[in-house]
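Data first, discussion second: the structure below is written as structure tokens.
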Amino acid sequence: MNRHLPRWAAAIAVCAALACASAALPGAPAQALLKPLPLTIAIIWIATSARLVSASGQFDPKAQGLLLLALVGSLAGDLFLLREDWFVPGLASFLVAHLAYIALFARGQRWLAWRGALAATLALGAAVYALLWQAHLPAPLRLPVAVYVTAIALMAAQALSRARERGDRASRAVALGACIFLCSDAILATNRFVAPLPLAQLWVLLTYYGAQLLIACGMVAGAGVIAPQPRPPQAIG
């Protein structure tokens with residue numbers, strides 16, 4: 001495991017706590033500054049000091065690239081959702097993130113091997129979508145939201161299948177993060193399209209950052225990492 005993981009995780013957690021605190025100040029400049037910060041720190045960490053290694057012990061650049069794509073897509077979604085009228089670009093950005101997570105969780109694993117998990121996540125997604133439909137989800141959003149709900153349900157199901165097959169603590173952390181992500185989006189959608197929820201923004205951010213932190217740290221701890229090696233000094237003359 002990367003010896004620097006606890007430090008990076010702590011930095012992300014502190015930034016996430018500050019971003020959650022900014023939820024008490026809607027529309028404040030602090031929110032625009034702090035909300036993207038946890039994911040920015042995570043991207044810097046994965047890009048510069050953590051290189052994911054496959055089960056064979058070889059550096060796996062595709063896995064690292066997929067994790068970075070998921071984090072970058074999520075960060076783009078965070079930025080878009082700072083504005084109410086940019087919901088669709090935000091939804092598209094998070095869809096890219098979930099597709100990247102699906103591909104990442106499927107590396108070296110069977111596809112949706114745990115049918116019970118698939119049934120459970122799809123049922124939860126269908127229940128949330130039915131609730132949104134009954135609340136008169138705007139017609140232009142019905143298809144995009146259906147696609148998004150299906151994607152995040154598949155993401156959580158694949159993470160649960162992966163954890164069941166691997167059976168280690170790191171993969172269970174990733175699966176827990178994926179399930180919390182699903183719940184976070186359900187809270188966000190309910191608050192936006194069905195009825196305002198008490199402290200909704202706070203709960204959405206708490207669950208969202210918790211999910212991303214569990215997934216990132218679980219992938220780093222479970223896949224193994226190697227620190228980039230410094231280049232040897234060049235001879236002079």
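Exactly one residue among L39, L75, L67 is at negative phi, touching a strand residue (DSSP E or B) at 6+ places or on another chain (Cβ under 8 Å) and at pLDDT 95 or above, and that residue is L67. Residues of segment 71-86 that are open to solvent by less than 40 Å² (accessible area, probe 1.4 Å) and either touching a residue at least 60 places away in the same chain (Cβ under 8 Å) or of a type in the set (K, R) (or both): L71, S74.
No other residue among C183, C217 is within 16 Å of the chain's Cα centre (by Cα), more than 19 Å from L95 (Cα to Cα) and in a helix (DSSP H, G or I) apart from C217. Listed by first and then second residue, the pairs with beta-carbon distance under 7 Å, at least 6 apart or on different chains, first residue in segment 28-53 and closer than 13 Å to C217 by Cα and touching a residue at least 40 places away in the same chain (Cβ under 8 Å), second of a type in the set (A, V, I, L, M) and open to solvent by 60 Å² or more (accessible area, probe 1.4 Å), are R51/I226.
To keep it simple, each residue is scored yes or no on (1) part of a loop (DSSP other than H, G, I, E, B); (2) open to solvent by less than 50 Å² (accessible area, probe 1.4 Å).
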position: L131; (1), (2): no, no
position: L137; (1), (2): yes, yes
position: A146; (1), (2): no, yes
position: R162; (1), (2): no, yes
position: I187; (1), (2): no, yes
position: P198; (1), (2): yes, no
position: L206; (1), (2): no, no
position: G222; (1), (2): no, yes
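Of all residues in segment 81-122, those satisfying the criterion of being closer than 10 Å to R162 by Cβ and basic (K, R) are R107, R110.
Within segment 194-208, does at least one residue satisfy the condition of being without any contact (Cβ under 8 Å) to a residue 60 or more places away in the chain and closer than 26 Å to S49 by Cβ? Yes, there is a match, as at least one residue in segment 194-208 is without any contact (Cβ under 8 Å) to a residue 60 or more places away in the chain and closer than 26 Å to S49 by Cβ. The selection criterion, being surrounded by 14 or more Cβ atoms within 10 Å (Cβ to Cβ), farther than 22 Å from S171 by Cα and in contact (Cβ under 8 Å) with a residue 24 or more places away in the chain, does not hold for L124.
The values are calculated or read from the model by the stated rules, or taken from the named source; none is laboratory data. This is a predicted model, so every value here is computed, not measured. Note that each Cβ is placed from the backbone with ideal geometry, even for glycine, and that neighbours are counted across all protein chains shown. Quick note on the areas: whole protein, heavy atoms, side chains included, nothing else; ligands and nucleic acids left out. Shrake-Rupley method; radii C 1.70, N 1.55, O 1.52, S 1.80 Å.
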